[in-house]
Every structure is written in structure tokens, then in C-alpha cells.
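Student: Would you mind keeping the following structure in view while I ask a few things?
The values are calculated or read from the model by the stated rules, or taken from the named source; none is laboratory data. Everything numeric in this text was worked out from a predicted model, so none of it was measured. Here the Cβ positions follow ideal geometry from the backbone for every residue, glycine too, while neighbour counts run over all protein chains shown.
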Amino acid sequence: MHSRLRVQSPNIQIVDKHILASYLYNYAEVEKTNDHFEVIPKHIKYTFKTDLQVPKVGIMLVGWGGNNGTTVTAGLIANKKRICWETKKGTKEPNWYGSITQSSTTKIGVSGKKEIYMPLKEILPLVDPNDLCISGWDISSMNLADAMKRAAVIDYELQSRLQEHMKNLVPLPGLYYSDFIALNQKERANNVLPGVNKSEHLAKIRQDIKDFKATNNLTKVLVLWTANTERYCEVQEGVHDSAENFLKAIERNEAEVSPSSIYATAAILEGCSFINGSPQNTFTPGLIELAQMKEVFIVGDDFKSGQTKFKTALTEFLVGAGIKPVSIVSYNHLGNNDGYNLSSEKQFKSKEISKSSCVDDILKSNDILYEEDHHIDHTVVIKYNPSTGDTKKALDEYTSEIFLGGAHTLSLYNVCEDSLLAAPIILDLLLLTEIFERITWKKEGKPEYKKFHSILSTLGYLCKAPLTDSKAPLINALSRQKAGIENIFKICAGLPTDDNLLLEYRCNFTI
């Protein structure tokens, strides 16, 4: 266990550098007949086994030379080397604000009248960000120092202090299939794998992963897509419908095999978890089947950093309060390369889908407000404005129906530095995926431990359009997503989950 946490419980033991934690999971099955509900309480006893040995981990970013990739790299280096810098507001120190693994806490219990909180990173033994090795691919050959300057995200003095540490970091050649990203990206594409043979490209990406792992003596590698948004691929029968067909489609050089799916396939075949940080439909049925066959985690889709994260929180609040949202209009403009790419209609459509479907499950949870049709007017507009740079500016208008036919309109103006919000989320996705690779479970009476489902939907808190198994419910509500992550951590550490009842106080009155 972590040095600051000792759990005294008969439900937990340490065996061969593993935490074994027993947990009685209570849930309810509901049978609906006409207007009647019959609730059947159920419970299952699980044992969760968490490997305490923290491995040496490498991360490979697709789009390493972009705004997000350079910002993540700069953050890793600045934190590891404790590089401080001066601004007009004084001296700044590096941190990981915006990361739930590094900068958030969770309640572990009470002491007297005080609730006790502990950093999430101390509940289970996560990889230290300072120990991560980093590499990646990019269609631009620019070194990371110059790419950081091009991105214009980080304060100038910090860029200067990071220059020596980043100038020798150069991305590996990336995949460039011009039909999948906006034509305006062609001017950057000077560092691409030659030829058009997708099978050869797959082999080269796999070799890049192998070489990175061997050169740095790594225990494992995780691959994350933080490159530009692709257009949606056209899901076709005989191409995307099974793992076998998809692998054969790569060999046949099928046109609808996207770059992101080549990277994902390479990662899966090398036993590396793959995280999709953009909204395109990388995870087609065949690729999902391949991940399940290889028992490799896939996570997606699209980083949930600012505007959409708040949208899921606010809509959850309104619907939970019995207020009926009837319209959400979201507008934003930005001037970074992501915005430049999204100025192309096909790429924008991918983003529009992920941003506009993020409240669907919240609306469907309330049949009082939405008796039959759970539809609301939901409009998403994104405009490219070069002078804005990485500082995305967003305006959201929420219109709701309230008591006795009244109307309520809430308007929000949000200004955020896009990559400074996204970089900590990228770190979280990598560290959380890695710890889930060290957790297995079994039901009472069963001999073998199993991994979680290959679709790691528990990390939906960090994704606009959480990928989920077809048999599992989709959850977008922000508080439920966060509680899901925290409770898994608590269960695996032998801590009780928190139901906010506070019965130790409310049922302990002294007269």
C-alpha cells in the first residue's frame, strides 16, 4: 500500500506484492410491467487484485508536435526538473492543475467532526509522471522546441528555459492520408511514411513501438492519439465489421481504413492500450473485436476538457433539479491548428457529433420532463479565427422550461487556453489506463482473475463521447463519471465507498 495509507480491514490483504480486496457489490434489477416496477435487490461478492509494482512506462503520442503534444512534453519536463519562470504576476512553479490523478482529492473517512480527504494518486500506486518516457509521431518534422514555439501556448520565459531540453526531441514520421484530414494540413506534411501500402505502414508503426520499448528498457508502452480530427470513416460491411475482415482490409489497402485505425491496430497487436483523443470513429466494430481478442484496453473518444465538461455538469444539475432544458446552443472560436483543421466541413462533422451527443443519457434519465421524446434543440458552432490562437472563446446558452410554463435562460462566456486544459487530461488518461492494466477481478467461487472489459468506459469522465460496450449503459453525467473512478480506487484499496448519508452523525443523536 501507499506509505501514507493503511487500511485496517478483514476485507484486505497484501499477498506477493498485490492488494487483494473483497467487496460486496449491491445493485438492483428492475422488472417493468405496464406502469409498475418490481425491484429485486441483488449482491455479488468480488475480489479485486491490484499489482503494487509500478512498471517503467513509455508513452507514444500521435501528433506529438502539435499543441497538445508539445504542451504535455513541456509539462513533464518542467515538473521533473522543477523549472520555474517569471511572469508579470511573479514567479510561477510547475504543477499539474487540471489533473484528477495529481491535483484532486477524495474522501477516505471521518475523524471526529472532520471529513478526511486524500489525493487520488495516493489511494493506489500510480506511475509517477516524472518517470514517464515519451516519444511519438507527427507529419511535421519540426523538433519539439520549435513546435512548442509555433504552438504559442506556453509563457515565453518558460519556453526559453525548456528550449535545451526539447530541441533534440524529433517526432517519428507519421501517417498522412490526405482524404482523412483537412487539405489545409498539407503544408505541414513533410515527415510522412512513404508509399501508400497500409500493410507496410502498419508494420512500420509496430516496429516503432518495439524499438521505443527496447531502447528505453520499458515494461510497457501506451499509445494516445492527440493529432488532428479526422473525418468519419464510412463503416462498410466486409471492411470494418470483424477483426478478421479489418486486418484483411488493411492488406487490401481499403480506402476507408483511416490513419488513426492503423495506429490503434498497431498498438493492439503490440499489446499496448490505445486512447483516442479526437472525435472520429476510430473504434469500428472490427477494431473493437480485435482489442477484445488481444485483451487490450481501448479508450475514447475525444478529450473532454472545458466547454463540454461543463455542459455535462450543468445539464445534470438542471435535469436533477426538475428543470427542463429545451435548447442548448454552443458557439466557440479558436485559432490553433485544431481550429484550422476543423474549418473543413468533414472534420467539423466529427467534432459536432461528439459535442452534441454528450447530454443524451442525462435527458433520458427523466421521463417526467421528457415523457416520450428526449430530444432538445442542440446546436454546435465552431469557427476558426487565427488571431485567437490557443485561447478558445466559447458562448453557451441554455434555455429551459420551468414552473407553470415559465422560461429560464442561462448564458455563459468561457475563455480557456485549450491545450493547458487538455494536457493534464492526457496525463490522467495515460496514468489511469496503466493502473487499470494492473487490476484484475473475480467473482466469489470463481478460480480465475479477469481484466476489465477491453472498452475502458470507466474513463468516460475524460472523454466527450465515452466509448462503451453495447451491453452497458452510456453515462455522460459528470458527477457519476467521477464517482465511478473514485469508487474503483477505493474498492481496490479496501476503503468504503461514500454514499453521503453520514449516518454516523445523523443517526447518533444524544438527548
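Student: Return yes when residue 116 is in contact (Cβ under 8 Å) with a residue 40 or more places away in the chain and among the hydrophobic types (A, V, I, L, M, F, W, C) and no when it is not. Give the steps one after another, and end with the answer.
Tutor: Values: in contact (Cβ under 8 Å) with a residue 40 or more places away in the chain: no; among the hydrophobic types (A, V, I, L, M, F, W, C): yes.
Against the criterion (in contact (Cβ under 8 Å) with a residue 40 or more places away in the chain and among the hydrophobic types (A, V, I, L, M, F, W, C)), residue 116 does not qualify.
Student: Moving to a separate point now. Pairs needed: first member in region 179-198, in the same structural domain as residue 229 (by TED's automatic domain parsing); second member anywhere, of a type in the set (Asp, Glu); C-beta distance under 7 Å; at least 6 residues apart or different chains.
Tutor: Pairs that qualify, where the first residue is in the same structural domain as residue 229 (by TED's automatic domain parsing) and the partner is of a type in the set (Asp, Glu), are 180/230; 181/230; 191/138.
Student: Still on this structure: Checking residue 501 against (1) assigned by TED's automatic domain parsing to the domain that holds residue 224; (2) without any contact (Cβ under 8 Å) to a residue 40 or more places away in the chain, only one condition comes out false. Which one?
Tutor: Condition (1) is where residue 501 drops out.
Student: Right, next: Which of the numbered conditions does residue 274 fail, given that it passes all the others? Conditions: (1) within 14 Å of residue 224 (Cβ to Cβ); (2) in the same structural domain as residue 376 (by TED's automatic domain parsing); (3) aromatic (Phe, Trp, Tyr).
Tutor: (2)
Student: For region 226-239, what are the residues that are surrounded by fewer than 16 Cβ atoms within 10 Å (Cβ to Cβ) and of a type in the set (Gly, Ala, Ser)?
Tutor: Of everything in region 226-239, just one residue is surrounded by fewer than 16 Cβ atoms within 10 Å (Cβ to Cβ) and of a type in the set (Gly, Ala, Ser), namely 238.
Student: Show me the strands (runs of 3 or more DSSP E) found entirely inside region 1-101 where at least 2 residues are surrounded by 10 or more Cβ atoms within 10 Å (Cβ to Cβ). Spell out the reasoning first.
Tutor: Values: elements: 12-15, 18-33, 36-51, 57-62, 85-87, 90-92.
Counting at least 2 such residues, we get 12-15, 18-33, 36-51, 57-62, 85-87.
Student: Quick one: residue 410 ticks every box in (1) outside the structural domain of residue 315 (by TED's automatic domain parsing); (2) farther than 22 Å from residue 301 by Cβ bar one, so which box is it?
Tutor: (1)
Student: For the condition buried (at least 21 other Cβ atoms within 10 Å of the Cβ) and over 27 Å from residue 122 (Cβ atoms), what is the one hit in 419, 411?
Tutor: Working: 411 fails: buried (at least 21 other Cβ atoms within 10 Å of the Cβ).
Every option except 419 fails the conditions.
Student: Continuing with this model, one more query. Only residues that are of a type in the set (S, T, N, Q) and under 28 Å from residue 4 (Cβ atoms): list them for region 457-506, please. Lay out the reasoning, then the answer.
Tutor: If we filter region 457-506 for residues that are of a type in the set (S, T, N, Q), which is where we start, we get 457-458, 468, 470, 476, 479, 481, 487, 497, 500.
Residues satisfying the conditions are 458, 479, 481, 487, 497, 500.
Residue-by-condition table, conditions (1) among the acidic types (Asp, Glu); (2) in contact with a His (Cβ under 9 Å, 6 or more places away or on another chain); (3) buried (at least 17 other Cβ atoms within 10 Å of the Cβ); (4) more than 30 Å from residue 145 (Cα to Cα):
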site	(1), (2), (3), (4)
163	no, no, no, no
167	no, no, no, no
176	no, no, yes, no
186	no, no, no, no
190	no, no, no, no
199	no, no, no, yes
208	yes, no, yes, no
224	no, no, yes, no
241	yes, no, no, yes
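Student: Let me ask you something else. So in region 124-140, with the set limited to residues that are outside any helix (DSSP H, G or I) and out of contact with any strand residue (DSSP E or B) (no Cβ under 7 Å at 6 or more places or on another chain), which one is surrounded by the fewest Cβ atoms within 10 Å (Cβ to Cβ)?
Tutor: 128
Student: Scan region 320-337 for residues that are part of a strand (DSSP E or B) and either under 21 Å from the mean Cα position of the chain (by Cα) or closer than 25 Å to residue 427 by Cβ (or both) and jot them down. It would help to see each step written out before you state the result.
Tutor: First pass over region 320-337, keeping only residues part of a strand (DSSP E or B): 324-334.
Scanning region 320-337 gives 332, 334.
Student: Condition (residue is within 30 Å of residue 189 (Cβ to Cβ), modelled with pLDDT of 75 or more and not small (Gly, Ala, Ser)) applied to region 333-347: is it met by at least one residue? Even if it seems obvious, please write down each step before you answer.
Tutor: Initial filter on region 333-347 (within 30 Å of residue 189 (Cβ to Cβ)): 333-347.
Next, only the ones that are modelled with pLDDT of 75 or more stay: 333-335.
Then keep just the ones that are not small (Gly, Ala, Ser); that gives 333-334.
Checking region 333-347: at least one residue is within 30 Å of residue 189 (Cβ to Cβ), modelled with pLDDT of 75 or more and not small (Gly, Ala, Ser).
Yes or no, residue by residue, for (1) among the aromatic types (Phe, Trp, Tyr); (2) in a helix (DSSP H, G or I); (3) farther than 20 Å from residue 419 by Cα:
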{"residue": "142", "(1), (2), (3)": "no, no, no"}
{"residue": "146", "(1), (2), (3)": "no, yes, no"}
{"residue": "150", "(1), (2), (3)": "no, yes, no"}
{"residue": "154", "(1), (2), (3)": "no, no, no"}
{"residue": "173", "(1), (2), (3)": "no, no, yes"}
{"residue": "184", "(1), (2), (3)": "no, yes, yes"}
{"residue": "194", "(1), (2), (3)": "no, no, yes"}
{"residue": "202", "(1), (2), (3)": "no, yes, yes"}
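Student: Further question on the same structure: Considering 429, 456, which residue is under 19 Å from the mean Cα position of the chain (by Cα), in contact (Cβ under 8 Å) with a residue 12 or more places away in the chain and farther than 30 Å from residue 331 by Cβ?
Tutor: Values: 429 fails: farther than 30 Å from residue 331 by Cβ.
Exactly one residue qualifies, and that residue is 456.
Student: With region 243-319 as the region, which helices (runs of 4 or more DSSP H) entirely inside it contain at least 1 residues that are buried (at least 20 other Cβ atoms within 10 Å of the Cβ), of a type outside the set (Val, Ile, Thr) and free of Cβ contacts under 8 Å to residues at least 40 places away in the same chain? Lay out the reasoning, then the answer.
Tutor: On the way: elements: 243-251, 259-269, 285-294.
It comes to 243-251, 259-269.
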